[in-house]
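The structure under discussion appears below in the form of structure tokens.
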Amino acid sequence: MNRKQRRAADDKAGKLFMLAQEHQKAGRLGEAKDLYKKVLTIHPNHPPTLHLLGVIALQTGALGPARGLIEQALRFDPNLAGARADLCNVLIKMGDFEAARESLQNTIKKFPNLTSAYSNLGYVLHKLNEFGEARMWCERAISIDPTFAEAHAVLGGVFLRLGKPDEARKSFARTLALRPGDAASRYNFGLAALTLGDFAEGWKGYEARRETKEYAANIRSHRQPYWDGSPLDGRTILLHAEQGAGDGIQMLRYVKMVSDRGGKIVLEIQPALAPLAASIKGVEHVVPRGETLPEIDVYASLMSLPYLFETTLDTIPDDVPYLGVNDPSDIIDIGRSDKFKVGFVWAGDPTQENNRNRSVDVAHFARLVDVPGTQFFSLQVGAAESDLSATDFAGNVTALGPKLSDYNLTASAINQLDLVISVCTSVTHLAGAMAKPVWTLLSFAPDFRWLLDREDSPWYPTMRLYRQPKMGDWEAVFTEVSRELKKLVSGAK
């Protein structure tokens, strides 16, 4: 190809590239992709084109191809700052946080003033549970650009994990001053406020979750209006479970209050909770999530009910029990014993974001199982159930997990126990809702509903909270629980 032909080819490639960019900005990704491919027939290793093809793959959820294309672009031009930032986004979405950390560290070396790289590294370190380092990188980003809203938002999330909700609320307030319409930050502001016991601001902010992309992706909407808390006057209302089973169990206490507004209640809930939920008075239909719903007039999430009823710390509906075994013929017989019967759970749902902090190694329970006069029953279900068999005390525990196919069966087991000891899972909520004695083991910065610095829960009168005194310190928790269990069992004799 002579110089004139090369110049003509370059000119054609440039025009195609610019047109492709226009299509991409307008959301016409298919047209943009076709044009970028034409550019590559002229310049097969054109870094900006490879990068933007990778961005299209990212936009359409093809994370593997996105990573490959952007990494290819960077091999040909390591100085593409935008490509480095987008590669980090791909790695984060893939959950490959170690690779994202390495990529961001390299990016910062090349572009020391790239503010987004600092806050992204803070986010990645947050996900890796390295909260002190995460805080440092977020604060560095803010020192470079105090108006960079994303850095304040990430820092707020880090403060929540560090057990500093007051600082978190300040960070989210700064984010909102810079990005007033940011639903995620309003939601996180609400979480911080709830943790601090400020329910007026907390539930209001918590409602902003319904405006986030994550909510829209996971919760089906309905053509009927969202309920505003007004009298129902015979209308049919759908109350739907939104988050985990524990959240649903906690908020089922509000069903009676909704019924008192004069409505006919349809409850859409997780299939495993459906048999138990059928025991609640005032519910006309229980529909396992995913099945066909009857006609409704209005709807609301169970998690919105505290906001709709303007719940404060003093007005939490704490009348327990509000759940119990629904079908007496569908029960588990755990056997008769004169010993003090204790059920326990050590791990939550592995898909929950904070699960590795809230869950505990089952080996910690060894000192509890050895308490004289006790008989232990495992209520653990799921993949973690097999952890018990690797312990030295497995032979001294009755494993009920294989029999617990739904929460009605779990409730029947709990009904026969003297005490439940559990990390923050649905079982601790169920025991509390049944008014059974329950000791909940909490990580240093637990979920908002457990508030701060208290041993009791305003949600569950029969619950006692045991908190880590410092991050990761389960040893101290089990030392205290062991001491209290010995006192309780000796007093029960």
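General observations
- Environment charge of Lys38, counting only residues whose C-beta is closer than 12 Å and scoring Lys/Arg +1, Asp/Glu -1: +2
- Phi angles of the stretch 210-215 translate, via the Karplus equation with coefficients 6.51, -1.76, 1.60 and θ = phi - 60°, into HN-Hα couplings of 5, 9, 8, 4, 4, 5 Hz per residue; Gly and Pro are given as x.
- From phi via Karplus (6.51, -1.76, 1.60), per-residue ³J(HN,Hα) for the stretch 297-314 in Hz, x at Gly/Pro: 10, 9, 8, 7, 7, 4, 6, 8, 5, x, 5, 5, 9, 6, 5, 10, 4, 7
- Cβ charges +1 (Lys, Arg) and -1 (Asp, Glu), total dipole of the chain, debye: 1860 debye
- In this simple spin-label approximation, Leu452 and Leu293 carry label points 7 Å from Cα along the Cα→Cβ vector, and these lie 3.8 nm apart.
- Cβ-placed point charges (K, R +1; D, E -1), dipole of the stretch 281-391 about Cα centre in debye, nearest 20: 580 debye
- Cα→Cβ-extended label distance, 7 Å offset, between Ser337 and Arg356, nm: 3.4 nm
- Estimated FRET transfer efficiency (Ala9, Asn106; beta-carbon r; R0 35 Å; 0.05): 0.55
- Rounded to 5, the percent of DSSP beta bridges in the chain classed as antiparallel: 5 percent
- Sorted by Cβ neighbour density within 10 Å, fewest at the top, the residues Trp137, Trp346: Trp346, Trp137
- Under a model in which nothing but the beta-carbon of Lys, Arg (+1) and Asp, Glu (-1) is charged, the stretch 301-453 shows a dipole of about 320 debye around its Cα centre.
- The Leu40 and Lys487 beta-carbon pair, evaluated with R₀ = 56 Å, returns a calculated FRET efficiency of approximately 0.15.
- Longest to shortest principal axis, alpha-carbon extents of the stretch 219-308, angstrom: 31, 25, 22
- Mean silhouette area of the stretch 340-492, derived from the convex hull of its C-alpha atoms and averaged over all directions, reads 8.4 nm².
- Across all directions, the shadow cast by the convex hull of the stretch 76-134 built on its C-alpha atoms averages 3.7 square nanometres.
- Taking a point 7 Å from the Cα of Glu201 along the Cα-to-Cβ direction, the residues of the stretch 421-450 with backbone N closer than 20 Å to it are 446-450.
- Burial ordering of Val381, Val124, fewest other beta-carbon atoms within 10 Å first: Val381, Val124
- Stretch in the chain that is longest and holds no GluC sites (Glu not before Pro) that DSSP places in a loop and that have at most 15 other beta carbons within 10 Å: 1-290
- Greater than 30 Å apart at Cα, pairs in Lys37/Lys93; Lys436/Lys470; Lys436/Lys487; Lys127/Lys470; Lys38/Lys213: Lys38/Lys213
- Neighbour-count ranking [beta-carbon atoms within 10 angstrom, fewest first] of Arg358, Arg289, Arg75: Arg75, Arg289, Arg358
- Overall form of the stretch 121-259 per C-alpha gyration tensor (a/c, 1.5; a/b vs b/c): prolate
- Temperature 4 °C, viscosity 1.567 mPa s: under these conditions the Stokes-Einstein estimate for the stretch 1-106, based on its Kirkwood radius over C-alpha pairs, is 91 µm² per second.
- Among beta bridges identified by DSSP and lying wholly in the stretch 211-338, the antiparallel ones come to about 0 percent.
- A simple rule links phi to the HN-Hα coupling: the Karplus curve 6.51 cos²θ - 1.76 cosθ + 1.60 with θ = phi - 60°, which for the stretch 374-391 gives 10, 10, 9, 10, 7, 9, 5, 10, x, 4, 5, 4, 6, 4, 4, 5, 8, 8 Hz, with x for Gly and Pro.
- Reported label for calculated Cα extents along the principal axes in Å given (1) 73, 56, 33; (2) 98, 56, 40; (3) 57, 52, 44: (2)
- Of the trypsin sites (Lys or Arg not before Pro) found in the stretch 148-236, those that fall in a DSSP loop while having at most 16 other beta-carbon atoms within 10 Å are Arg220, Arg223, Arg235.
We did not get these values from a lab; they are worked out from the coordinates using the rules stated. Every value quoted in this text rests on a predicted model; they were computed, and no experiment measured them. Because the Cβ atoms are built from the backbone with ideal geometry, glycine has one as well, and the counts that use them run over all protein chains shown.
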